[in-house]
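The values are calculated or read from the model by the stated rules, or taken from the named source; none is laboratory data. Here the structure is a predicted model, which is why all the values come from computation and not from measurement. Virtual Cβ from ideal backbone geometry, glycine too; neighbours counted across all protein chains shown.
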Amino acid sequence: MPELPEVETVKNGLAPFMDGARISKVVLNRPNLRFPFPDQFKSELEGQVIGQLRRRAKYLIIPLASGQNMLAHLGMSGSFKINAELVEGANRKFVPLAALKHDHVVFEIEHPQKGRVDIIYNDPRRFGYMDLFAEEEKSPHFATMGPEPLGNQFSAKHLAQRFQNKKTPIKSALLDQKNVAGLGNIYVCEALYMAQIDPKRPVGDLVGKNGDPKKQLEVLAASIVDVLNQAILAGGSTLKDFKHADGELGYFQHRFKTYGREGESCLTPDCPGTISRMVQSGRSTFYCPNCQH
């Protein structure tokens, strides 16, 4: 499933074509994705001018001049592609792309500089979904969500407040969106490896008696920010179906230190260990038993 860096990359790819553009038409090639489209989905979008795209956790948010916002979740295999191809000539005629089997939604938009653009949502597995909401604070998608790991509200002190006197394994706690928004399995594994913390370690062990974060929790908070920023710089990761808005594949997966490397040598200098895999909360955890403690 695309995680925070992948959604941030998609947002960055779509923004130059969508920010400030007007939605002229919405084509729904089926009545639902993972869930049915909201009532009046087409009419709420058509004719609206798009504001500045943003991301919240693993959601893409498309703000509209009406005050409504469109939300998109990519699920397991959802992706957006951009068709802005223009044929040079007197009329600069727009050339539509041939529809693919799983092109479920097409947004026909008019951009002030780029002219006619089609934004096409493709999703073979249909685990993605779209919704509309007015106020983020009142939306059920975000009501209990923790702070963004790349935002100013995220810190080791915040984690210490959430973790004090609790026995939840640190891996599971970081995947809980109430503690921090947008973290997924891949980058939690990578951040725990970077901070050399055992994914089974109870979160309360990382908090001092006075409620302040211990040094390892401070290192972990910094590692989370670092690994996410590295992944965004590298264009996200490509695992199975994920693609960027421009069709290019991410390549941060070539830098994974632990994820998917079961049985391979640990990359920590002078560590003789090998990467192991275990299952936590139904998800595969990759770690080095020798240097993560």
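Can you say whether Ile62 is among the hydrophobic types (A, V, I, L, M, F, W, C), under 25 Å from Ala134 (Cβ atoms) and not assigned by TED's automatic domain parsing to the domain that holds Leu183, as far as the supplied structure shows? Considered against the rule, which asks whether it is among the hydrophobic types (A, V, I, L, M, F, W, C), under 25 Å from Ala134 (Cβ atoms) and not assigned by TED's automatic domain parsing to the domain that holds Leu183, Ile62 comes out as yes. Screening Leu174, Leu150, Leu159 for residues that are within 18 Å of the chain's Cα centre (by Cα), in contact (Cβ under 8 Å) with a residue 60 or more places away in the chain and over 30 Å from Asn29 (Cα atoms) leaves exactly one candidate, Leu150.
Please pick out the residue among Asn229, Asn210 that is over 30 Å from Phe17 (Cβ atoms), at pLDDT 55 or above and polar (S, T, N, Q). So the residue among Asn229, Asn210 that is over 30 Å from Phe17 (Cβ atoms), at pLDDT 55 or above and polar (S, T, N, Q) is Asn210. Mind checking whether some residue in segment 190-205 is out of contact with any Lys or Arg (no Cβ under 7 Å at 6 or more places or on another chain), without any contact (Cβ under 8 Å) to a residue 24 or more places away in the chain and polar (S, T, N, Q)? No; the residues of segment 190-205 include none that is out of contact with any Lys or Arg (no Cβ under 7 Å at 6 or more places or on another chain), without any contact (Cβ under 8 Å) to a residue 24 or more places away in the chain and polar (S, T, N, Q). No other residue among Glu248, Glu218 is at pLDDT below 95 and of a type in the set (D, E, K, R) apart from Glu248.
Residue-by-condition table, conditions (1) part of a loop (DSSP other than H, G, I, E, B); (2) out of contact with any Ser or Thr (no Cβ under 8 Å at 6 or more places or on another chain):
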site: Glu137; (1), (2): no, yes
site: His141; (1), (2): yes, yes
site: Pro147; (1), (2): yes, yes
site: Arg162; (1), (2): no, yes
site: Asn165; (1), (2): yes, yes
site: Val180; (1), (2): yes, yes
site: Leu183; (1), (2): yes, yes
site: Ile186; (1), (2): no, no
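Can you tell me which residues in segment 1-58 are among the acidic types (Asp, Glu), over 24 Å from the mean Cα position of the chain (by Cα) and more than 26 Å from Lys114 (Cα to Cα)? The one that is among the acidic types (Asp, Glu), over 24 Å from the mean Cα position of the chain (by Cα) and more than 26 Å from Lys114 (Cα to Cα): Asp39.
The condition (being under 29 Å from Lys214 (Cα atoms) and in contact with a Phe, Trp or Tyr (Cβ under 9 Å, 6 or more places away or on another chain)) is satisfied by just one residue among Leu159, Leu192, Leu175: Leu192.
When Ser172 is tested against (1) surrounded by 19 or more Cβ atoms within 10 Å (Cβ to Cβ); (2) touching a Ser or Thr at 6+ places or on another chain (Cβ under 8 Å); (3) of a type in the set (S, T, N, Q); (4) farther than 29 Å from Pro36 by Cβ, exactly one condition is not met: (1). In this structure, does Ile224 turn out to be assigned to a loop (DSSP other than H, G, I, E, B) and crowded, with 17+ Cβ neighbours inside 10 Å? Considered against the rule, which asks whether it is assigned to a loop (DSSP other than H, G, I, E, B) and crowded, with 17+ Cβ neighbours inside 10 Å, Ile224 comes out as no. Here Arg201, Arg126 are screened, and the one residue that is among the basic types (Lys, Arg), buried (at least 16 other Cβ atoms within 10 Å of the Cβ) and more than 18 Å from the chain's Cα centre (by Cα) is Arg201.
One residue stands out in segment 251-278 among those that are aliphatic (A, V, I, L, M) and either out of contact with any strand residue (DSSP E or B) (no Cβ under 6 Å at 6 or more places or on another chain) or buried (at least 17 other Cβ atoms within 10 Å of the Cβ) (or both): the one that is modelled with the lowest pLDDT, namely Leu267.
Condition check ((1) modelled with pLDDT of 95 or more; (2) among the hydroxyl-bearing types (Ser, Thr, Tyr)) across all residues:
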site	(1), (2)
Ser155	yes, yes
His158	yes, no
Lys166	yes, no
Ile170	yes, no
Ala173	yes, no
Asn179	yes, no
Gly184	no, no
Cys189	yes, no
Leu192	yes, no
